[in-house]
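Step one of this worksheet: look at the structure below.
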Amino acid sequence: MKKVYIETMGCQMNKSDAERMFGMLEYCGYTKTENQKEADMFIINTCSIRKLSEDKAYSQIGVWGKIRGKYKDGENKVKFNPYPKIVFAGCVAQQYGKEVFKRAPYVDLVLGTQRLYELPNLIKRIENGERIVSVDETPYEESDIKINRVKSMNAWIPIMEGCNNFCTYCIVPYTRGRERSRNPELIIAEAKKALSEGFKEITLLGQNVDSFGKDLPEGQNLAWLLRRLNSLEGKFRIRFVTNYPTDITDELIDTVLELDKVCEYFHIPMQSGDDYVLKKMNRRYDYATYKKICDHLRSRVKDVTITSDFIAGFPGETEEQFENTLKAMSELELDYSNTAAYSPREKTVAAKWVDLYIPEDIKTDRLARLNEHNRKCCLKSNKKYVGREMEVLIENFEIRKNGDKVITGRTRNNKIVHIPCDRDLTGEFVNVKITNARTWYLNGELI
Ligand code: SAH
Ligand code: SF4
Ligand code: F3S
């Protein structure tokens, strides 16, 4: 059996892609290894969202490249060992295509985001010594080769891919192409399979899940899909990420309220709390509109968790505009936010506004303040639940160094809860009384 070492970076979509790649590799006779030294193949599934993630990808394959090129031939030229093979996949691969070979000549395969399912054919070819770039934007047809999911309670299931929004800072429309829905029957079959394998939660993935169905002949939508999935047998939970603020429909909210398995959780990136910056970002809403959406959700869906994403130091952002973001975070009582300092990405519109770039030290300072504010918002949000009874799906059991036995899981609204417990209840739904709130989690006890 040959061994493959897979490293994945980036969002859940990338992680889900890696599970599919590994499934295909198993089919080709590979097993997974955590030990780089014994690998016959290295795969890096890259993320391009910020420069840092791109740099990390290149430095990682640099390390692997040294293994490949460690001997020299007669003319003192570096020659590459035939093994281990190196596969450079994901969003950076899609973005740079054959240019990757210039920077990293030891790579055997550059695999774009739309060619995932071509992997079994490509593996055979690189094993025969070919070097291949496959980054065509036309998607390679899905195969039903099994998916090797990371062991957990949650199964990621992509329902749509791509983005038509072209926010001025974002590379995703260039790495994932235009919006396309997956065949709903494939999604449902995948969900059934995951449930039969013991998964207790299904998270539907897409850059903009609200766009699911727009391109399908029968015009199905996310609400329709949720209904279909909710009717599958068994006790399990359904989640979906990410929503675009102004695309959340009343029908979707009604569906979340109506369906017992669909959780009260919305991830709705806001990016900035300032109207001028939002406009420059090409987001299709202003602060007042986002607030209305948030207020509406909170008034209709009891205990809903609303999380968001924010960027600090977008080109031209003034101190006052940045403070509007801090204000927005607290005024909207956001439960949690992902934060990042703006990173210019080649091809995007904002990257051309070099004169407006915010100096690194200011960006770093703003990011730190954003994070500090985020911590306060999280703690405040968690405190709301002290004394309450909540249902927790247990995901983990551990015996800590001091001997304490603890089970950990999440509530329907996605709060992490630690509970003292002698038994491993992984996979079970338990009722818990919340006893204490910390910044990143809750403490509870079994009822
Ligand atoms: N589709 C989602 C987000 C996908 S990208 C949406 O519409 O919001 C995930 C997050 O990465 C974004 O929400 C944004 O906050 C961050 N991000 C994207 N491009 C970035 C950049 N150039 N610099 C810093 N953060 C960025
Ligand atoms: Fe990127 Fe904007 Fe599309 Fe989200 S909506 S993926 S931030 S371009
Ligand atoms: Fe990164 Fe690509 Fe996801 S750029 S965030 S891995 S869609």
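The values are calculated or read from the model by the stated rules, or taken from the named source; none is laboratory data. Here the structure is a predicted model, which is why all the values come from computation and not from measurement. Don't worry about glycine lacking a Cβ; one is built from the backbone with ideal geometry, like all the others, and counts go over all protein chains shown.
All of 93, 89, 57 fail the test of being over 24 Å from residue 168 (Cα atoms), within 16 Å of ligand 3 (Cβ to nearest atom), modelled with pLDDT of 95 or more and buried (at least 23 other Cβ atoms within 10 Å of the Cβ), apart from 89.
Total residues in region 167-212 satisfying the condition of being of a type in the set (D, E, K, R) and closer than 30 Å to residue 96 by Cα: the figure is 6. Scanning region 191-204 for residues that are farther than 30 Å from residue 426 by Cα, assigned to a loop (DSSP other than H, G, I, E, B) and of a type outside the set (Val, Ile, Thr) turns up nothing.
The set of residues in region 340-377 being closer than 22 Å to residue 166 by Cβ and either modelled with pLDDT under 95 or within 24 Å of the chain's Cα centre (by Cα) (or both) consists of 340, 341, 342, 343, 344, 345, 346, 347, 348, 349, 350, 351. Does any residue in region 49-69 that is of a type in the set (Phe, Trp, Tyr) come within less than 7 Å, Cβ to Cβ, of a residue that is surrounded by 16 or more Cβ atoms within 10 Å (Cβ to Cβ) six or more places away or on a different chain, and which pairs are these? Pairs found: 58/104; 64/42; 64/86.
Here residue 439 does not fit the description of being touching a residue at least 24 places away in the same chain (Cβ under 8 Å), surrounded by 15 or more Cβ atoms within 10 Å (Cβ to Cβ) and among the β-branched types (Val, Ile, Thr). Candidates 9, 21: the one that is within 16 Å of ligand 1 (Cβ to nearest atom), closer than 28 Å to residue 180 by Cβ and in contact (Cβ under 8 Å) with a residue 60 or more places away in the chain is 9. Against the list (1) closer than 24 Å to residue 203 by Cβ; (2) within 16 Å of ligand 3 (Cβ to nearest atom); (3) touching a residue at least 40 places away in the same chain (Cβ under 8 Å), the condition residue 173 fails is (3).
Do we find that residue 306 is of a type in the set (A, V, I, L, M) and closer than 26 Å to residue 349 by Cα in this structure? Walk me through how you get there before you give the answer.
Details: of a type in the set (A, V, I, L, M): yes; closer than 26 Å to residue 349 by Cα: no.
No, not satisfied.
Only residues that are assigned to a helix (DSSP H, G or I) and either closer than 20 Å to residue 370 by Cα or of a type in the set (Phe, Trp, Tyr) (or both) were counted across region 253-279, and they come to 4. Per this entry, residue 334 is counted among residues that are touching a strand residue (DSSP E or B) at 6+ places or on another chain (Cβ under 8 Å), in a loop (DSSP other than H, G, I, E, B), away from ligand 1 (no atom under 12 Å from the Cβ) and not aromatic (Phe, Trp, Tyr).
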